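These notes concern the structure reproduced below.
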Amino acid sequence: FADPVGLPGADLVGRAVERVQGFEQVVAILRDAEEPLLQLALFALGLLGLIVRRNLLVMLMCMELMLNGVNLALVTFAQQLGNVEGAVMVFLIFIVAASEIAIAIPIVLLLVRHRHTLDAGAYAELKG
């Protein structure tokens with residue numbers, strides 16, 4: 001920032017303007033980073049819940065949370081690139097997720113009726 005007039009304190013103003021411009025650049029970077037951080041957070045929370053929790057219904061909800069993180073990433077990148085393929089893919093993923101839940105919930109209910117527990121460890125012998 002050049003001081004054309006030579007006024008006292010103009011140097012301080014110049015440094016303040018440089019700080020504001022630097023701050024605006026940081027805000028722009030963080031604004032662009034908000035969506036990928038949210039996507040990563042959704043996916044990571046879902047993965048953590050899937051690994052840590054043993055309740056079948058909570059595990060299903062965590063898988064849906066992971067799927068929503070991926071869907072958010074697809075929509076975001078499709079919007080940034082200006083194409084429609086990501087949005088179409090998200091629509092198809094929502095259809096598959098809805099059918100997955102429509103099939104998984106009755107299976108879990110039948111398993112609970114048989115074993116009287118939602119613990120995933122109780123169903124370890126169900127292989128095949």
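The values are calculated or read from the model by the stated rules, or taken from the named source; none is laboratory data. What you see is a predicted model; the values in this text were computed from it and never measured. Areas reflect the complete protein model, heavy atoms only, side chains present, ligands, DNA and RNA absent. Shrake-Rupley method; radii C 1.70, N 1.55, O 1.52, S 1.80 Å.
Across PHE43, PHE91, PHE77, the residue with the most accessible area heads the list, and the full order at a 1.4 Å probe is PHE91, PHE77, PHE43. Here the translational diffusion coefficient of segment 35-112 follows from Stokes-Einstein with Rh set to the Kirkwood radius across Cα pairs; for 4 °C and 1.567 mPa s it amounts to 97 µm²/s.
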